Amino acid sequence: MNPRSTTLTRSSGTVGVHRPVQRAAQAVGIVFLLVGVLGFVPGITTDVGQMTFASHESGAMLLGLFQVSVLHNVVHLLFGVAGLAMARTTPGARNFLIYGGVVYGVLWIYGLLIDPSSAANFVPLNTADNWLHFVLAVGMVALGFLVGRDRRTV
């Protein structure tokens, strides 16, 4: 096999090739899985017994800072699984980072606009969650564009 065809195969998104964007998506996916699991662990999450399925009244706090619920943790777990699955190809990894970042940007704006004590805060979100979502949005989109760009020269 000549080197040119190997390069084309790698850039085409073939499964099994580990480009930087794929590693980035895998890392983000693993972090989401870890956060989703830790959201259920007493001690790491305070007041686990006060966790609701989906409500602003959930009393559980991941690391004593981020308000979580069962739904919030499940979303983190699903996001982690999606990240690992999409990291199998270069385009999938890039799309996960960029569009996942956009989702977190929308969630950040949503968290800023809703009243934290209203029924609309079903996720639930607090100030720490909101700003973490902003950092995730910026970080994921930046990773998707910076690490996901094709660096081949024509």
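The values are calculated or read from the model by the stated rules, or taken from the named source; none is laboratory data. These numbers were taken from a predicted model, which means no experiment stands behind them. Here the Cβ positions follow ideal geometry from the backbone for every residue, glycine too, while neighbour counts run over all protein chains shown. Side chains are part of the model used for accessible areas, which takes the heavy atoms of the whole protein and leaves out ligands, DNA and RNA. Shrake-Rupley method; radii C 1.70, N 1.55, O 1.52, S 1.80 Å.
Ligands, DNA and RNA are left out, and with a 1.4 angstrom probe the accessible area of region 64-154 is 52 Å² per residue.
Pairs of Cα atoms nearer than 8 Å and 6+ residues apart set the relative contact order; for the chain it is 27 percent.
Leaving out ligands, DNA and RNA, and with a 1.4 Å probe, what % of the accessible surface on region 22-154 is carbon or sulfur?
73
The H on the amide N of SER58, modeled in the peptide plane, is under 5 Å from the matching H of THR52, each at least 5 residues off or on a different chain.
Between LEU38 and VAL74, 0.36 nm times their residue separation minus their Cα-Cα distance comes to what?
11.9 nm is the gain from fully extending LEU38 to VAL74.
Across region 83-100, rounded Karplus estimates of 3J(HN,Hα) from the backbone phi angles (6.51 cos²θ - 1.76 cosθ + 1.60, θ = phi - 60°) give x, 5, 5, 6, 6, 5, 10, 4, x, x, 4, 4, 5, 4, 5, 6, 6, x Hz, Gly and Pro being marked x.
For every helix of n ≥ 4 consecutive DSSP H residues, a contribution of -39,500 (n - 2.57) applies; sum these over the chain, divide by its total residues, and give [θ] at 222 nm rounded to the nearest 500 deg cm²/dmol.
-19500 deg cm²/dmol
Label-to-label distance for TYR110 and ARG149 is 3.1 nm, based on points extended 7 Å past Cα in the beta-carbon direction.
Listed values for region 36-48 are Karplus-derived 3J(HN,Hα) couplings in whole Hz (6.51 cos²θ - 1.76 cosθ + 1.60, θ = phi - 60°), namely x, 5, 4, x, 9, 8, x, x, 7, 10, 7, 6, 4, and x replaces Gly and Pro. A full extension of the chain between SER118 and ALA27 corresponds to an added length of 29.3 nm, given 0.36 nm per residue minus the alpha carbon distance. Close amide-amide hydrogen proximity is noted between THR45 and LEU63, each under 5 Å apart and 5 or more residues distant or on a separate chain (H modeled in the peptide plane; Pro and chain starts excluded). For the listed peptides 126-139, 36-49, 62-75, a ranking on the average number of other beta carbons within 10 Å per residue, highest first, reads 62-75, 126-139, 36-49.
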